[in-house]
Amino acid sequence: GLLGERERESAREMLIKQLSAAPSGCQVWSHAVLAAAPSGGRWAYIGTLSVYVYCTLADGAYALEKILYGKDEVIGSICWSPREAGRLAVNVQDHIVVWDLDTGGPPQRIKVDGVYSIGWAAHSPHVLASGTCAIFGSGHKDGQVRLHDLRVGSNELIHSFSNTPTVLRWHRSLPKLAVGAASGQVALILNPGAAKLSGCSVHFQTQTPNKAAVTDLQWDPLSEHYLLCASSDGELLLLDTANQKAPVLFAFQQNEQPKGHTSLSWLPGVPGGFASIGSLLERFSDEACRIVKTR
């Protein structure tokens, strides 16, 4: 059953401790608002118009290192280069903006109309992916996945969806990109390597059973092929990306599972185990965390 108000408040106190108030808040339309450098020495979050970069001090405390801002453009999301601790990227309405914190030079801007989501490849420091918003009505336009080579500022269309690509997840080491869309479509895109963007191919495309929007994708840290998929209606799928004809390996359908999943994470040190976060019931705002084992 649902916890009482006192029990819920006690649980929050045990899990969360506020260290200080952030100087600027995030808006409801923002997503992927936090990012951390691969070394762990820096992290950043986005406000409405600025990026706040923090560094870790010798005593373990943290301090505001830089505030990054450019034109008066609302920031939608942020990602950090998984290979370079000094480079991060954000998306604004019609551009990807890439900062180099170590050189301190002006940011690189790549024109991408209607960019909604971004993801930095782990196999190459030069490759970024972006997802653009679908437009409906008389000026209909499909949602698109594009790849960008930061060395030349390229902007190449790779694949189209009937709705906006909401989640971009590069594999931790291999040149392949999992994409989830608001239409419930899930696709695996193979990139031939760091040297070029041409020759990308769609390895497979599937869909959530009820065409519910994809809310998160996470690669299994112990497998090159397994991928978890969460959707807005509470369904969880385990995908075997090596199986083009039948990629859905297992569907988690439980009567007591949260109504809509918002986030997933594989559990380190627990093979096959992962945690999910989602709304417990549609009419309540409470969040539920569920631990699952697949093996």
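The values are calculated or read from the model by the stated rules, or taken from the named source; none is laboratory data. Predicted model only: the values in this text are computed from it and were never measured. Positions of Cβ are generated from backbone atoms using ideal geometry, with glycine treated the same way; all protein chains shown enter the neighbour counts. Note: accessible area is taken over every heavy atom of the protein model, side chains too, but ligands, DNA and RNA are not part of it. Shrake-Rupley method; radii C 1.70, N 1.55, O 1.52, S 1.80 Å.
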Review point. Which strands (runs of 3 or more DSSP E) does segment 218-267 wholly contain that include 2 or more residues that are modelled with pLDDT of 90 or more?
Key: 226-231, 236-240
Study note, to complete from the structure: Filter segment 97-121 for residues that are modelled with pLDDT of 90 or more and of a type in the set (Gly, Ala, Ser); the one that is farthest from LYS71 (Cα to Cα) is ALA121
Exercise for review: Name every residue in segment 76-129 that is crowded, with 24+ Cβ neighbours inside 10 Å, closer than 13 Å to VAL51 by Cβ and either in contact with a helix residue (DSSP H, G or I) (Cβ under 8 Å, 6 or more places away or on another chain) or not hydrophobic (A, V, I, L, M, F, W, C) (or both), in order of residue number.
Suggested key: ASN91
Exercise for review: Give just the number: which of (1) open to solvent by 10 Å² or more (accessible area, probe 1.4 Å); (2) part of a loop (DSSP other than H, G, I, E, B) does THR206 not satisfy?
Suggested key: (2)
Revision key, fill the gap. Quick count over segment 90-120, residues being among the hydrophobic types (A, V, I, L, M, F, W, C), part of a strand (DSSP E or B) and under 20 Å from ALA37 (Cβ atoms), is 7
Review point. When the residues of segment 57-75 are filtered to those that are in a strand (DSSP E or B), more than 19 Å from HIS31 (Cβ to Cβ) and not charged (D, E, K, R), which remaining residue is most open to solvent (accessible area, probe 1.4 Å)?
Key: TYR69
**Study point:** Residue that is nearest to GLY273 (Cα to Cα) [pool: residues in segment 223-244 that are touching a strand residue (DSSP E or B) at 6+ places or on another chain (Cβ under 8 Å) and exposed (fewer than 15 other Cβ atoms within 10 Å of the Cβ)]
**Key:** ASN243
Point to revise | Index of the failed condition, LEU88 passing every other in (1) closer than 30 Å to CYS133 by Cβ; (2) at pLDDT below 95 | key: (2)
